[in-house]
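Just so it is clear, none of the values below were taken in a lab; they were calculated from the coordinates. From a predicted model like this one, the values you see are computed outputs, not experimental measurements. No Cβ is skipped: glycine too gets one built from the backbone with ideal geometry, and neighbour counts run over all protein chains shown.
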Amino acid sequence: MIIIYHGRRPYLPLLACALHLGLRQGAEPFLPGALRRDWRAAPLHIAGKDGEGAIVGCLVHGRHRGLYLRTLAGMAGLFGLSLAWVDLDGGLTASGAAAKAKIMLADRWPTIFARRFRTTAAAAIRPVLLGRPEGEP
Amino acid sequence: MNIVYYCFAGAHASVVASAIHCGYLPADRVPAYGEFIALPHYDRTAPRLIGSPYLMGRDEFGHNVFFLGLRDQRLPLMAAVGTLLTTAGVNSGAYLFQDAFPLINFSTKIGGLLSKRYCLTSFGRLITVWGMQRQYPAFVALVAAVKDGLRQ
């Protein structure tokens with residue numbers, strides 16, 4: 001099973017990977033380093049393997065969401081791979097306009113707002129994580 | 001083994017290359033207009049389906065041959081597919097991806113634009129086939145190179 005958190009920009013998928021893999025303490029060094037990657041050259045990043053053996057990765061597709069999902073799903077079909085998708089652009093359940101605005105700011109300008117609004121973004125992401133994230137009861 | 005030819009829209013270059021590979025188009029002469037149009041997917045891939053791989057058929061080695069459109073995301077998408085397959089432990093000998101887009105000439109691009117974007121289907125197809133006929137030997141050479149690689 002390969003779990004792919006995907007979004008238009010890298011911040012939310014990376015944070016979802018960090019939460020899924022239980023890297024909350026280590027998310028600070030993980031996020032800035034990964035955010036600096038050349039996502040246009042390599043849009044799929046494998047973050048690691050969770051405690052249940054599922055491979056966890058994130059996909060940054062920009063405005064080509066459908067194209068990327070169709071292609072990777074098609075390839076998974078050809079080679080008999082099991083993929084699970086989590087959309088972080090439309091699937092978040094942030095409560096309130098303030099929380100949504102904070103997430104939007106952190107997503108769009110992560111170098112400025114990522115650290116400040118990480119808790120808000122993590123609270124919105126946590127309900128959509130697949131499986132049992134590391135460190136959860 | 002899965003062999004995937006890819007191009008921009010998955011409607012012209014990759015369809016023709018995969019059809020030559022499967023033997024649906026001749027390798028010893030340039031096909032006529034009707035032979036191109038008779039291909040089931042030639043100039044027919046719907047824009048909303050670009051990205052899905054389609055099976056063209058099987059070649060003489062028993063390999064499955066697919067064609068695929070990747071728009072202008074060929075390099076990043078191929079990198080993503082490579083990462084996915086490597087991560088999943090798929091043997092690199094189980095697949096072959098071949099870019100057919102560089103073989104497309106200006107006429108075929110214009111014809112495809114007229115056919116798909118401006119709905120001038122008949123006129124656009126005529127121009128795509130005209131361009132494809134002029135470029136056909138390059139497609140045959142590409143497929144021959146792929147098959148030579150498979151034999152080794």
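When DSSP beta bridges are restricted to pairs lying wholly in chain B, around 25% turn out antiparallel. For a paramagnetic label modelled on residue A:49 (point 7 Å from Cα along Cα→Cβ), amide N atoms under 20 Å away belong, within region A:1-19, to A:1-5, A:17-19.
List the DSSP H helices in chain B whose Cα atoms stretch 27 Å or more along the helix axis and whose mean Kyte-Doolittle hydropathy is at least 0.0.
Span-like helices, by this rule, are B:121-151.
From the Cα gyration tensor of the protein assembly as shown, with a ≥ b ≥ c the square roots of its eigenvalues, which class applies: rounded if a/c is under 1.5, or else prolate if a/b is larger than b/c, or else oblate? Prolate is the answer for the protein assembly as shown, as a/c is 1.5 or above and a/b outweighs b/c. Based on the alpha-carbon gyration tensor of region A:10-89 and its eigenvalue square roots a ≥ b ≥ c, which shape applies: rounded if a/c is under 1.5, prolate if not and a/b is larger than b/c, or oblate? Oblate, because a/c is 1.5 or more while a/b does not exceed b/c. Between B:14, B:92, B:107, the residue with the greatest mean-square fluctuation in the GNM of chain B (Cα pairs under 10 Å linked by springs) is B:92. Helix A:65-78 and the long axis of chain A differ in direction by around 40°, with both axes built from C-alpha atoms. The residue list B:69, B:16, B:30 was ranked by how far each Cα lies along the charge dipole of region B:15-152 toward its positive end, using unit charges on Cβ atoms, and B:69 comes out on top.
Normalising by residue count, chain B has a Cα convex hull of 101 Å³ per residue.
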